[in-house]
Amino acid sequence: MRHLAGLLALMLIARAADPAPQRFHLTARAHEIDPRAREHPQIGFVFADKAGKPQDLQHAVVDTRVTPRGQLVIWLMDYKAPLFDRLGDYGLHAIQVHYANKWFGLIPTAARDDGTTLGKLRLEATTGEDFSPLCAIPRPDGMKERALQFVQHLVKTHPAGRWEQFINAAGDDLLWEKVIMSGASHGATSATRFAVHQRVARVVAFCGPRDQHESWQGFLSATPPQRIFGFTHVLDDGWPGNHYPRSWLMLGLNRFGPIVDVDSTTPPYGHSRRLTTRFDVNGDVKRAHSSITPGPASAKDATGNFLHEAVWRYLFTSPVGKLGAPVPPEAPPIGAR
């Protein structure tokens with residue numbers, strides 16, 4: 001009864017907030033929201049490219065026709081309209097932020113593979129705090145502050161979205177227990193690294209995490225490991241290279257179920273946190289890497305419908321308290337380096 005009352009209250013709030021319910025796609029440029037934001041041209045992190053095209057445009061979505069779940073997704077890669085459409089359909093709020101994340105390609109090889117450098121850089125880029133000696137990312141240019149500034153902007157400019165529910169009483173931080181961190185590849189790795197440091201509601205890691213020489217995946221995690229979900233294609237080179245399987249085991253995800261092939265299993269996939277697909281990508285490793293989020297490379301049926309709709313909904317909305325049965329750590333995948 002209490003749960004039902006809560007749902008009814010959320011529905012009434014949503015209807016009262018917006019007299020014309022719809023899916024809203026909202027944008028704002030980071031440096032226009034926060035005058036403290038700075039460019040870092042030495043790493044190609046700028047507000048506009050040489051042709052004048054904005055590079056700091058940030059995106060948000062909320063669908064006020066849908067009963068809200070009271071959770072905010074922070075997406076740490078380029079904006080993907082098909083993904084954000086679905087997040088709105090699920091009753092989630094979502095934002096994509098522009099933050100100083102281009103340091104990684106400039107790291108000397110010896111430092112990159114030393115077992116600590118990448119994790120420190122990811123933490124500095126996401127928090128804007130001093131974790132790495134190789135860079136100096138000011139707080140206004142880190143993900144954490146950029147996300148707060150964006151949500152504060154949305155509170156002012158889009159009252160129908162009720163964005164204020166994600167900001168603390170003091171108004172100086174997000175309510176991270178209401179935040180889902182998500183990303184793909186590099187973004188999945190940074191989302192997970194941040195969640196090990198900062199307790200969040202959930203992590204959804206597409207083709208990730210990587211950082212195959214790092215140890216941070218085995219740190220005591222601020223976010224309970226059962227809140228971390230991963231999904232990858234087995235032809236993605238991070239799978240046979242033992243990057244994703246290694247990270248999943250170090251995070252302890254085998255305690256919540258075996259690796260599940262979603263193409264031969266139905267939801268809720270045994271409540272596992274480790275999902276894979278092996279649909280035919282004609283041996284194209286790059287397609288495999290980009291195929292597990294909704295888009296042109298994704299698996300489709302004969303009529304063009306996405307085959308992994310149920311997977312995406314599961315990853316973002318399945319109850320974190322429902323756990324699969326624990327299994328022993330698996331051997332590395334065939335072909336692992």
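The values are calculated or read from the model by the stated rules, or taken from the named source; none is laboratory data. Remember, it's a predicted structure, so these values are computed and weren't measured experimentally. Quick reminder, even Gly has a Cβ in these numbers, built from the backbone with ideal geometry, and neighbours come from all protein chains shown.
Show the residue pairs meeting these rules: Cβ distance below 6 Å; 6+ apart or different chains; first residue within region 307-327 and more than 15 Å from I180 (Cα to Cα) and aliphatic (A, V, I, L, M); second residue modelled with pLDDT of 95 or more and surrounded by 14 or more Cβ atoms within 10 Å (Cβ to Cβ).
L307/A299; V311/V262; L323/Q226; L323/F256; L323/H271; V327/N254; V327/P258
Are there any pairs with C-beta distances below 6 angstrom linking a residue in region 79-102 that is farther than 19 Å from G304 by Cα and touching a residue at least 24 places away in the same chain (Cβ under 8 Å) to a residue that is among the charged types (D, E, K, R) and part of a loop (DSSP other than H, G, I, E, B), with the two at least 6 apart or on different chains, and if so which?
Here the result reads G91/R69; L92/R69; H98/D56, each pair linking region 79-102 to a residue that is among the charged types (D, E, K, R) and part of a loop (DSSP other than H, G, I, E, B).
May I ask you to verify whether A191 is under 18 Å from R202 (Cα atoms), of a type outside the set (F, W, Y) and touching a His at 6+ places or on another chain (Cβ under 9 Å)?
Answer is no for this residue.
Please determine whether any residue of region 237-248 is crowded, with 18+ Cβ neighbours inside 10 Å, in contact (Cβ under 8 Å) with a residue 12 or more places away in the chain and in contact with a Leu (Cβ under 8 Å, 6 or more places away or on another chain).
So far as region 237-248 goes, no, none of its residues is crowded, with 18+ Cβ neighbours inside 10 Å, in contact (Cβ under 8 Å) with a residue 12 or more places away in the chain and in contact with a Leu (Cβ under 8 Å, 6 or more places away or on another chain).
Working only within region 298-308, note down all residues that are surrounded by fewer than 22 Cβ atoms within 10 Å (Cβ to Cβ) and under 18 Å from G230 (Cβ atoms).
Selection gives S298, A299.
If you take the residues in region 136-194 that are β-branched (V, I, T) and buried (at least 21 other Cβ atoms within 10 Å of the Cβ), which one is nearest to R38 (Cα to Cα)?
The residue in question is I137.
For N282, indicate whether it is surrounded by fewer than 16 Cβ atoms within 10 Å (Cβ to Cβ) and farther than 18 Å from R86 by Cβ.
When the stated conditions are applied, N282 passes them.
Could you name every one of the helices (runs of 4 or more DSSP H) located completely within region 2-103 that has at least 1 residues being modelled with pLDDT of 90 or more and charged (D, E, K, R)?
Counting at least 1 such residues, we get 30-33, 81-89.
A170 fails exactly one of the following numbered conditions: (1) out of contact with any helix residue (DSSP H, G or I) (no Cβ under 9 Å at 6 or more places or on another chain); (2) among the hydrophobic types (A, V, I, L, M, F, W, C); (3) assigned to a helix (DSSP H, G or I). What is the number of that condition?
If we test A170 against (1) out of contact with any helix residue (DSSP H, G or I) (no Cβ under 9 Å at 6 or more places or on another chain); (2) among the hydrophobic types (A, V, I, L, M, F, W, C); (3) assigned to a helix (DSSP H, G or I), just (3) comes out false.
Is it the case that some residue within region 230-243 is within 21 Å of V73 (Cβ to Cβ) and not small (G, A, S)?
yes
Could you please find all residues in region 213-236 being crowded, with 18+ Cβ neighbours inside 10 Å and without any contact (Cβ under 8 Å) to a residue 60 or more places away in the chain?
Residues satisfying the conditions are Q217, S221, T223, P225, I228, G230, H233, L235, D236.
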